[in-house]
């Protein structure tokens, strides 16, 4: 006769959900959940099967919290963090990228110019 199917406790569900929200890798989460039948950690397949909802909801919750914080930072009062957040948003959501072309400007020598250029994948200017 085969082994009894793993039955998660409410405490284990809470632990997995909390770890998933924190962005901890599934392999590490599985090592933290002990099967009382074997007194050993469960495997990643068991984790995925027994805690599918906790992993999905935990990851989605973490992603939404980070996105909300990024959006608040990008649209909040002007700051260095706001600029970085806005650039990150444009790169990840709008497909913008920085070119590798660098030009340096020296006030005494206009041939030396530093240029940071955002380019959309569709080739349109960022102002259009």
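The values are calculated or read from the model by the stated rules, or taken from the named source; none is laboratory data. Since the structure is predicted, the reported quantities are computational estimates derived from the model, not experimental observations. All Cβ positions, glycine included, derive from the backbone under ideal geometry; neighbour counts span all protein chains shown.
So here's what we get for this one:
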quantity: Segment 25-37, subset touching a residue at least 12 places away in the same chain (Cβ under 8 Å) and either surrounded by fewer than 15 Cβ atoms within 10 Å (Cβ to Cβ) or closer than 30 Å to residue 81 by Cα (or both), residue farthest from the chain's Cα centre (by Cα); calculated: 37
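Rundown of residues vs (1) modelled with pLDDT under 80; (2) touching a helix residue (DSSP H, G or I) at 6+ places or on another chain (Cβ under 6 Å); (3) within 30 Å of residue 11 (Cβ to Cβ), yes/no style:
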| residue | (1), (2), (3) |
| --- | --- |
| 29 | no, yes, yes |
| 39 | no, no, yes |
| 51 | no, yes, yes |
| 68 | no, no, yes |
| 91 | no, no, no |
| 94 | yes, no, no |
| 99 | yes, no, no |
| 113 | yes, no, no |
| 116 | yes, no, no |
